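The block underneath contains the structure these notes are about, expressed in structure tokens.
The values are calculated or read from the model by the stated rules, or taken from the named source; none is laboratory data. The structure displayed is predicted, hence computed values, not measured ones. Note that we place each Cβ from the backbone using ideal geometry, even for glycine, and neighbour counts take in every protein chain shown.
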Amino acid sequence: MFFGRPSINLTFAACGPFGNYADLAANRLMPNKFQPKPCELRSLHTLFGMANITYIRCRWHHDFADAPIDIWSEIGSDGFELRKLEYFRNGTVGYANHSKTTEASTGTFLGDQKIPSIDEIARDPQFEPEEVSRVDFEAKWSIRHP
């Protein structure tokens with residue numbers, strides 16, 4: 001499945017005044033205790049405005065009691081999730097970003113694989129994906145994560 005944990009991907013453009021991501025990850029610019037995680041590197045990429053962020057909502061049609069039925073993802077220009085919301089049948093909402101997750105209670109965490117295109121996801125009849133606006137995503141995020 002295309003929703004999982006973050007993976008290492010350091011093929012990014014320069015990172016403004018902080019050098020480049022490879023230097024950051026190789027600990028050339030920061031001491032070990034301040035070394036960023038890969039998903040934090042993607043957030044830095046977003047912070048400096050070098051990312052083309054997309055937002056998708058994917059309804060998942062299934063009969064599993066413990067799996068989400070509605071998934072909202074913020075996806076960076078590298079194709080990896082930056083933030084995610086998962087809505088469950090029982091009303092529970094799970095969320096994840098680079099610093100917080102509800103993995104223990106809902107199993108929600110960021111993906112370790114690039115998110116496929118909407119067309120590719122839609123090929124599987126159990127999924128109903130659509131692109132949503134940043135405003136719509138932020139409205140959902142702020143309700144769950146004020």
Open item on the list: Tell me yes or no: at least one residue of the stretch 91-108 is crowded, with 21+ Cβ neighbours inside 10 Å and not in a strand (DSSP E or B).
Closed with: yes
Open item on the list: Could you check the stretch 109-138 and list, in sequence order, the residues that are over 16 Å from the mean Cα position of the chain (by Cα), in a helix (DSSP H, G or I) and not β-branched (Val, Ile, Thr)?
Closed with: Asp119, Glu120, Ala122
TODO: Test each condition in (1) of a type in the set (A, V, I, L, M); (2) more than 11 Å from the chain's Cα centre (by Cα); (3) over 19 Å from Trp60 (Cα atoms) for Leu82 and report the one that comes out false.
DONE: (2)
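Out of everything in the stretch 64-75 that is assigned to a loop (DSSP other than H, G, I, E, B) and either of a type in the set (A, V, I, L, M) or modelled with pLDDT under 95 (or both), what residue ends up being nearest to Trp141 (Cα to Cα)? Steps first, answer last, please.
Going through the stretch 64-75, the residues assigned to a loop (DSSP other than H, G, I, E, B) turn out to be 64-69.
Filter once more, so that each one left must be either of a type in the set (A, V, I, L, M) or modelled with pLDDT under 95 (or both): 64-67, 69.
Values: Phe64: 24, Ala65: 23, Asp66: 21, Ala67: 19, Ile69: 17 Å.
Residue satisfying both the conditions and the ranking: Ile69.
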Open item on the list: crowded, with 18+ Cβ neighbours inside 10 Å, farther than 19 Å from Glu131 by Cα and without any contact (Cβ under 8 Å) to a residue 40 or more places away in the chain: is that true of Phe88 in this structure?
Closed with: yes
